[in-house]
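The values are calculated or read from the model by the stated rules, or taken from the named source; none is laboratory data. Note that this is a predicted model, so its numbers are computed, not measured. Please note: Cβ atoms are built from the backbone with ideal geometry, for glycine as well, and neighbour counts cover all protein chains shown. For the accessible areas, the whole protein counts, side chains as well, though only heavy atoms, and no ligand, DNA or RNA atoms are used. Shrake-Rupley method; radii C 1.70, N 1.55, O 1.52, S 1.80 Å.
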Amino acid sequence: MNMLTRFVPAFENLKTPFYFYDMELLRRTVADCKNEMSRYGYQAHYALKANANEPVLKVMREAGFGADCVSGNEVLWAIKNGFPPEKIVYSSVGKTDEEITHAIRHRIFCINCESTQEIDVVNSLAAAAGTTVDISVRLNPDIDPHTHQYITTGLEENKFGISPWEFGRLADILKAATHLRLMALHVHVGSQITDWPVFQRLCERLNDLQDLLCSYDIQANHLSLGGGLGVDYADPDGHPVVDFKRYFDLIYRHLKVRPGQTVHVEPGRSLVAQCGSVITRVLYVKNGQKKNFVVIDAGMTDLLRPALYQAQHAIRQLSSQAPPERYDVVGPICESGDCFGKNISLPQTRRGDLIAIRSAGAYGQTMSMRYNLRDLPSAYYSDDIVV
Ligand SMILES: *Cc1c(COP(=O)(O)O)cnc(C)c1O
């Protein structure tokens, strides 16, 4: 039994594959995050790249969250979806002049600068626009988040942020930057972090970095810890909502906040992963000599995470309660990496059965693509489905 069961009759009439979003779970997750965060007066900017669908953004906006964007188009999309510009932050290691100029024109909360070179460019573009721009500086805290190497972003060897050995130069550049105001210090060390001590180390490291920056006379009113909180991909029904209480308690206990400073977080995955599933139909069951394959109509073009990060999403068969068998669950794309799970136990499965790939709400639909000229998957929301 899982939380999708009651929607199965409705799924039968929809063209697969598609994304399905449990909006009630999304609202519950967002409310829980907001509730735990408000105890300490922290503020959240939702990381749009995890899921930028309009009904999802509406829930975030109505909760009072701001938007964390990583491209000029995300900034424009956030504005179009009603996020007030003063609640939008924009990070990226490679912003074009055009993207920066748009962000300046819309007067967003701040531009997160990732290198001293970028600070120079933002300063000259601000001067050209005849205005002063609020920035934050992304620091590279050199922390290993113990997650997949492709989603590790806070190690010295990664391309993100400014390292302590550059702080002297940073101080000089900030002093010379007549059209910038330093608003915030920012870190983001990776994604799908499930190892709690990583967040503790991050807070302690940020305390040290702040002390060091102070010695260069660099101070900011806001501290942003980024996102990264991981979800339980193995057991989405057992842990539908992450432990926000523990997360914010931990920050409260370990982060040294100076008088007048506000703490910001940028959750993405932790808010949206569990509410989404890919619903797909079995095209063929191939019985091999060593293995049985279930070939489904969803592929890596619909959900890239397994192929890109070796991510393992829980796979549930929704159509029968037959005795279990073992299968490799694979997609239709001409790539061996197009595999959702090996040796997975499912009720004995037949052509036409419905399968759910769970925890697909984050970095799922936003990464879908048209390789093989496939159609992009559509989306359905529980609010619109009458059961
Ligand atoms: C992607 C990203 C986030 C969100 O990360 P999650 O792991 O989805 O919580 C937050 N901040 C920045 C700067 C990001 O690039």
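Structure values in brief
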quantity: Global form of the chain, assessed from the alpha-carbon gyration tensor, a/c cut-off 1.5; calculated: prolate
quantity: Acute angle (nearest 10 degrees) that the helix 23-38 long axis makes with the longest principal axis of the chain, alpha-carbon atoms; calculated: 30
quantity: In order through the stretch 158-172: 3J(HN,Hα) via Karplus (6.51 cos²θ - 1.76 cosθ + 1.60), integer Hz, x for Gly, Pro; calculated: 7, 7, 8, x, 10, 8, x, 5, 9, 4, x, 5, 4, 4, 4
quantity: DSSP-loop GluC sites (Glu not before Pro) across the stretch 127-213, with at most 11 other Cβ within 10 angstrom; calculated: GLU157
quantity: GNM result for the chain, Cα springs below 10 Å: residue of SER38, SER136, SER368 fluctuating most strongly; calculated: SER38
quantity: The chain: antiparallel DSSP beta bridges as a percent of all, rounded to 5; calculated: 40
quantity: Estimated vicinal HN-Hα couplings, Hz - the stretch 108-113 in sequence order (Karplus 6.51, -1.76, 1.60; Gly, Pro = x); calculated: 6, 4, 6, 9, 7, 8
quantity: Degrees, to the nearest 10: 116-128 long Cα axis against longest axis of the chain; calculated: 70
quantity: Gap separating the Cα centres of the stretch 257-298 and the stretch 9-31, nearest whole Å; calculated: 13
quantity: Ranked packing of 341-353, 97-109, most packed first, by mean Cβ within 10 Å; calculated: 97-109, 341-353
quantity: Interchain or long-range residues, amide H under 5 Å from ALA67's placed H; calculated: TYR46, ILE88, VAL89
quantity: The chain - mean residue ellipticity at 222 nm from DSSP helices (-39,500 (n - 2.57) per run, n ≥ 4, rounded to 500); calculated: -8500 deg cm²/dmol
quantity: Accessible area per residue, Å², the chain with all protein chains present, probe 1.4 Å; calculated: 44
quantity: Local electrostatic count at ALA126 - Lys and Arg +1, Asp and Glu -1, tallied over other residues with Cβ under 15 Å; calculated: -2
quantity: Violating pairs (Cα-Cα greater than 30 angstrom) within the set LYS34/LYS175; LYS34/LYS256; LYS49/LYS245; calculated: LYS34/LYS175
